[in-house]
1. When segment A:88-108 is examined, which residues are found to be among the hydrophobic types (A, V, I, L, M, F, W, C), near DNA strand D (Cβ under 9 Å from one of its atoms) and within 23 Å of the chain's Cα centre (by Cα)?
2. Hey, residue B:96 hits all of (1) away from chain A (no Cβ under 11 Å); (2) at positive phi but one; which does it fall short on?
3. Is one or more of the residues making up segment A:115-125 within 13 Å of DNA strand D (Cβ to nearest atom), more than 9 Å from chain B (Cβ to nearest Cβ) and not aliphatic (A, V, I, L, M)?
4. Helices (runs of 4 or more DSSP H) wholly in segment A:112-176 with at least 2 residues that are at pLDDT 95 or above - which ones?
5. Just checking, does segment A:47-54 include any residue being outside any helix (DSSP H, G or I), out of contact with any His (no Cβ under 6 Å at 6 or more places or on another chain), within 11 Å of DNA strand D (Cβ to nearest atom) and under 27 Å from residue B:37 (Cα atoms)?
6. With respect to residue B:143, is the statement that it is more than 15 Å from residue B:38 (Cα to Cα) and either within 16 Å of DNA strand D (Cβ to nearest atom) or within 15 Å of the chain's Cα centre (by Cα) (or both) true?
7. Scan segment B:95-112 residue by residue and report those that are in contact with a Leu (Cβ under 7 Å, 6 or more places away or on another chain) and not polar (S, T, N, Q).
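The values are calculated or read from the model by the stated rules, or taken from the named source; none is laboratory data. Being a predicted model, the structure only gives us computed values, none of them experimental. Because the Cβ atoms are built from the backbone with ideal geometry, glycine has one as well, and the counts that use them run over all protein chains shown.
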Number of protein chains: 2
Amino acid sequence: MNERTQSDEPRSARPGQADQANSRERLISCVELLFFAYRDFTNDADRVLEQYGFGRAHHRVLHFVNRNPGLRVADLLDILKITKQSLARVLKQLIDEGFVAQRSGKSDRRERLLHLTSKGTKLADRLANLQIGRIAEAFERAGPGADEVTARFLFAMIGEKDRARVQDLIWGMDQWGTQFDREQQRDQT
Amino acid sequence: MNERTQSDEPRSARPGQADQANSRERLISCVELLFFAYRDFTNDADRVLEQYGFGRAHHRVLHFVNRNPGLRVADLLDILKITKQSLARVLKQLIDEGFVAQRSGKSDRRERLLHLTSKGTKLADRLANLQIGRIAEAFERAGPGADEVTARFLFAMIGEKDRARVQDLIWGMDQWGTQFDREQQRDQT
DNA sequence: CAATTAAGTCAACATGGCTGACGTAAATTC
DNA sequence: GAATTTACGTCAGCCATGTTGACTTAATTG
């Protein structure tokens, strides 16, 4: 514990130990920053949701159905990683209150394909704009290039087994895959 | 698998709009990445906590007390932004089971200064190492310089009013450069 | 001494996870 | 064509963790 107490210059005195300790401190800072960042990230949307009597769980459904119209219930379960019963509780409310609509799949009529109504789209977009606004501002404050680096970091934080699926979900379902090279996210180490 | 998404988005004719739409798409991707990253970030620790009958709330207390020995209850409430009653529930368990110890403040004996026992330290460090490990790996995969950029981004994501306090907590209160103990500072006359 | 402050506690409630069991309709397989 | 599997829904109850409101105790402070 006292390795560093004597040195005025922790970096140069004991290269190996000091760097290691310093790196650990930095990483712990990031743990805490991630906690605070996420805590505040959800704040804006939460306050809007409150006005509708909804919670964060409703938001997630609205978001992913908005982004992936025609999503099946099973797909949504896989994305959210919650149980059918947990999803049902919020999904039922969203359907009953006219934010989400279901259609039977035409090839497999057991499937209930999820869509947002115009009311649902409006709310989902409003919530998204709040989150986008905060993120955009943070990127500006973080300096040029922060968006790409951060996206790579966040992607790398995802559990290995899920990365491919998330990548498909995010960059595979719309048309802008050309601008953001998928290879960038691939294993590069 | 999923024959969904027949959305025909306006692959825009006007150049300015394309950039704007593209930027929006990127930002929404980041919203989703943040969700997935945070979800998986907490996963490793959660599984360990389960073995102790603890949850994420216990983890937060362990973490911040570990990082800031001598923390007052009021400070912890301010960090976690939860109510006294919510904190009490988990704090009581941690004290009863010998992970956290309290001492009365020397200058103000109403204060209960929080510390971890050796048992508590051991668990907190174990949990921290899991999270550090994942973050370190993610930084490597994200490429050089990702740590600094990401830290700046995460910091910028914090609500403006809290930034100063978080900065103090992270870079001022812990053992970055100088050994620094809150209790020592407050109690010295 | 009176008022304020730090902390603890009790009771009740909401949200959003979970498990287990069961139902129903449609698709698939034997 | 019957049996099985699949996709989805639903009921009932448990657990963790957040909330509000009211009240107590002890110590500090004006």
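1. Those that are among the hydrophobic types (A, V, I, L, M, F, W, C), near DNA strand D (Cβ under 9 Å from one of its atoms) and within 23 Å of the chain's Cα centre (by Cα): A:88, A:91.
2. Evaluating residue B:96 over (1) away from chain A (no Cβ under 11 Å); (2) at positive phi leaves (2) as the failure.
3. Yes, segment A:115-125 contains at least one residue that is within 13 Å of DNA strand D (Cβ to nearest atom), more than 9 Å from chain B (Cβ to nearest Cβ) and not aliphatic (A, V, I, L, M).
4. Qualifying helices (runs of 4 or more DSSP H): A:118-142, A:146-157.
5. no
6. No: the conditions fail for residue B:143.
7. Hits for segment B:95-112 are B:99, B:100, B:103, B:105.
Conditions (1) within 11 Å of DNA strand C (Cβ to nearest atom); (2) part of a helix (DSSP H, G or I); (3) among the aliphatic types (A, V, I, L, M); (4) more than 30 Å from residue B:124 (Cβ to Cβ), marked per residue:
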{"position": "A:23", "(1), (2), (3), (4)": "no, yes, no, no"}
{"position": "A:34", "(1), (2), (3), (4)": "no, yes, yes, no"}
{"position": "A:65", "(1), (2), (3), (4)": "no, yes, yes, yes"}
{"position": "A:69", "(1), (2), (3), (4)": "no, no, no, yes"}
{"position": "A:77", "(1), (2), (3), (4)": "yes, yes, yes, yes"}
{"position": "A:91", "(1), (2), (3), (4)": "yes, yes, yes, yes"}
{"position": "A:102", "(1), (2), (3), (4)": "no, no, no, yes"}
{"position": "A:108", "(1), (2), (3), (4)": "yes, no, no, yes"}
